[in-house]
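K.L.:
I am attaching a structure below and will ask some questions about it afterwards.
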Amino acid sequence: MNVLVIGSGGREHALCWAVAASPLLTKLWCAPGNPGIAQVATCVPIGALELPQLVTWAQENDIDLVIPGPEAPLVEGITDAMEAAGITCFGPSKAAAQLEGSKSFTKDIADAAGIPTALWERFDTSAEACNFIQRRGAPIVVKADGLAAGKGVVVCGTEDEAIAAVTAMMDEDVFGEAGRSVVIEECLTGPEVSLFALCDGEQALLLGSAQDHKRVGDGDTGPNTGGMGAYSPVPVFPPALEHACLEQIVKPALKQMAHRGTPFRGILFAGLMLTEHGPKLIEFNVRFGDPECQVLLLRLKSDLLAAIQAACDSELKNFDLRWHDHAALAVVMAARGYPEAPERGSVIRGLDKAAGPGVEIFHAGTATGPDGELLAAGGRVLTICGTGATLQDAHNAAYGAVGKLIWPEGFCRRDIGKRAL
């Protein structure tokens with residue numbers, strides 16, 4: 001099977017790493033890829049949002065299966081474009097991808113399907129939004145309705161903070177078109193977890209769960225990021241609760257999507273809050289999380305490519321997954337200045353010493369310099385992953401590898417997994 005993975009981050013490196021191990025694979029490409037991905041796949045210099053070029057290239061190279069990693073090409077309709085050209089694409093249609101492309105769409109689905117979620121309202125003007133905040137009070141959550149690279153959610157402790165968030169999104173266009181409308185909802189409290197399911201339009205197969213660390217600083221301080229680390233399994237989210245959420249949240253959403261004529265196929269990622277009144281849906285995403293993908297795939301014993309093919313063939317009812325008993329923990333190494341203004345171009349050394357048993361290093365924002373050196377070329381630059389019999393062992397392996405890197409311009413959180421440990 002000829003496979004094309006789309007994307008260039010740590011998630012896509014992990015996807016390529018897993019797919020490359022499949023006996024079903026003939027050849028693997030990644031567009032545009034990165035230096036780490038180039039070790040397991042052939043990189044193609046086409047951007048993830050250059051949809052016509054990607055379709056043409058896939059046709060010319062006899063691609064059997066396309067696996068998009070990030071959300072943006074899915075929301076832009078890459079699945080529709082590929083399948084119109086006769087190429088199987090593992091991901092939702094443009095219509096179904098609105099589960100991530102529009103937070104108000106997700107809320108409508110949740111309400112129609114009876115899925116527990118926070119009380120909410122959608123606003124198209126800042127004046128209406130601010131009036132609502134003043135009536136409702138704080139704490140309260142302000143969300144850009146569209147895609148904002150994981151940074152469009154602001155948890156506000158005061159009315160002034162909420163009004164400032166609305167002003168930034170709607171009047172100052174900090175998120176562009178994504179913030180032209182906002183969703184404002186009640187502030188839920190409790191541990192936050194990420195649940196993943198493999199879906200074929202009708203069936204949902206549990207892909208496990210992880211706990212992400214969104215804020216940039218230790219102790220969950222500072223601004224939101226795309227994710228600074230993750231671990232799996234999650235002690236506060238045991239298997240019985242995972243399966244309950246699959247039945248009460250994921251499957252009702254699938255049924256509602258099919259009822260609307262937009263069946264969902266791909267990875268459905270449910271962001272959940274474990275409140276004192278039970279799990280509630282925060283949001284849906286239509287792809288793997290990053291860095292949750294990395295820790296989940298390190299625990300997956302089954303053939304990922306076979307599982308994806310089963311979903312594409314609507315055969316998940318006849319498929320099952322096996323998992324390693326070990327734990328996995330991921331630490332994101334970011335460039336100084338991230339998330340506001342990451343510094344680019346610094347040299348990263350020591351990866352050969354950091355790698356070893358129980359350690360996997362996935363590249364995200366990296367590039368190769370003129371002399372072959374590895375350079376930082378983005379905000380989140382590397383994901384350093386450790387595995388072990390226990391979460392403490394995985395933690396020790398990951399942070400032990402971090403300590404062997406020579407990159408003064410990089411930083412990471414030092415408390416990934418601390419809550420569980």
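K.L.:
If we keep just the residues of region 159-184 that are in contact with a strand residue (DSSP E or B) (Cβ under 9 Å, 6 or more places away or on another chain) and β-branched (V, I, T), which is surrounded by the most Cβ atoms within 10 Å (Cβ to Cβ)?
P.N.:
V182
K.L.:
Would you mind finding the one in E340, E373 that is modelled with pLDDT under 95, over 30 Å from D64 (Cα atoms), touching a strand residue (DSSP E or B) at 6+ places or on another chain (Cβ under 8 Å) and surrounded by fewer than 21 Cβ atoms within 10 Å (Cβ to Cβ)?
P.N.:
Details: E373 fails: modelled with pLDDT under 95.
Exactly one of E340, E373 is modelled with pLDDT under 95, over 30 Å from D64 (Cα atoms), touching a strand residue (DSSP E or B) at 6+ places or on another chain (Cβ under 8 Å) and surrounded by fewer than 21 Cβ atoms within 10 Å (Cβ to Cβ), namely E340.
K.L.:
Taking only pairs six or more apart or across chains, which ones have beta-carbon atoms under 8 Å, a first residue in region 143-157 that is touching a residue at least 40 places away in the same chain (Cβ under 8 Å), and a second residue that is among the aromatic types (F, W, Y)?
P.N.:
A144/F175; G146/F175; K151/F175
K.L.:
Residues V193, V142, V174, V183: which one is closer than 29 Å to P239 by Cβ and either of a type in the set (V, I, T) or in contact with a Pro (Cβ under 7 Å, 6 or more places away or on another chain) (or both)?
P.N.:
Within the list V193, V142, V174, V183, the selection yields V193.
K.L.:
List the helices (runs of 4 or more DSSP H) that sit entirely inside region 248-328 and contain at least 3 residues that are closer than 19 Å to Y231 by Cα.
P.N.:
292-299
K.L.:
From the list A253, A355, A311, A258, pick out the single residue that is at pLDDT below 95 and outside the structural domain of I6 (by TED's automatic domain parsing).
P.N.:
A355
K.L.:
Here is a further query. Report yes if A149 is under 24 Å from H213 (Cβ atoms), small (G, A, S) and outside any helix (DSSP H, G or I), otherwise no. Show your work before the answer.
P.N.:
Details: under 24 Å from H213 (Cβ atoms): yes; small (G, A, S): yes; outside any helix (DSSP H, G or I): yes.
Answer is yes for this residue.
K.L.:
Which residue, of G379, G350, G345, G403, is out of contact with any Cys (no Cβ under 7 Å at 6 or more places or on another chain), touching a residue at least 60 places away in the same chain (Cβ under 8 Å) and of a type outside the set (S, T, N, Q)?
P.N.:
G379
K.L.:
Which number in (1) of a type outside the set (S, T, Y); (2) in a loop (DSSP other than H, G, I, E, B); (3) within 27 Å of A258 (Cα to Cα); (4) without any contact (Cβ under 8 Å) to a residue 60 or more places away in the chain marks the one condition that A48 misses?
P.N.:
(3)
K.L.:
Please go through (1) assigned to a helix (DSSP H, G or I); (2) within 21 Å of the chain's Cα centre (by Cα); (3) small (G, A, S) for A31 and return the number of the only condition it doesn't satisfy.
P.N.:
It is condition (1) that A31 fails.
K.L.:
Now, a different point. Can you confirm whether region 384-407 contains a residue that is basic (K, R), at pLDDT 95 or above and closer than 22 Å to G219 by Cα?
P.N.:
No, that holds for no residue.
Conditions tested, residue by residue: (1) over 17 Å from L281 (Cα atoms); (2) over 20 Å from the mean Cα position of the chain (by Cα); (3) of a type in the set (G, A, S).
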site	(1), (2), (3)
L119	no, yes, no
I140	no, yes, no
V155	no, no, no
A162	yes, yes, yes
F175	yes, no, no
E186	no, yes, no
T189	no, yes, no
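K.L.:
Is it the case that some residue within region 88-101 is of a type in the set (D, E) and touching a residue at least 12 places away in the same chain (Cβ under 8 Å)?
P.N.:
Yes, region 88-101 contains a residue that is of a type in the set (D, E) and touching a residue at least 12 places away in the same chain (Cβ under 8 Å).
The values are calculated or read from the model by the stated rules, or taken from the named source; none is laboratory data. Keep in mind it's a predicted model, so treat the numbers as computed, not measured. Please note: Cβ atoms are built from the backbone with ideal geometry, for glycine as well, and neighbour counts cover all protein chains shown.
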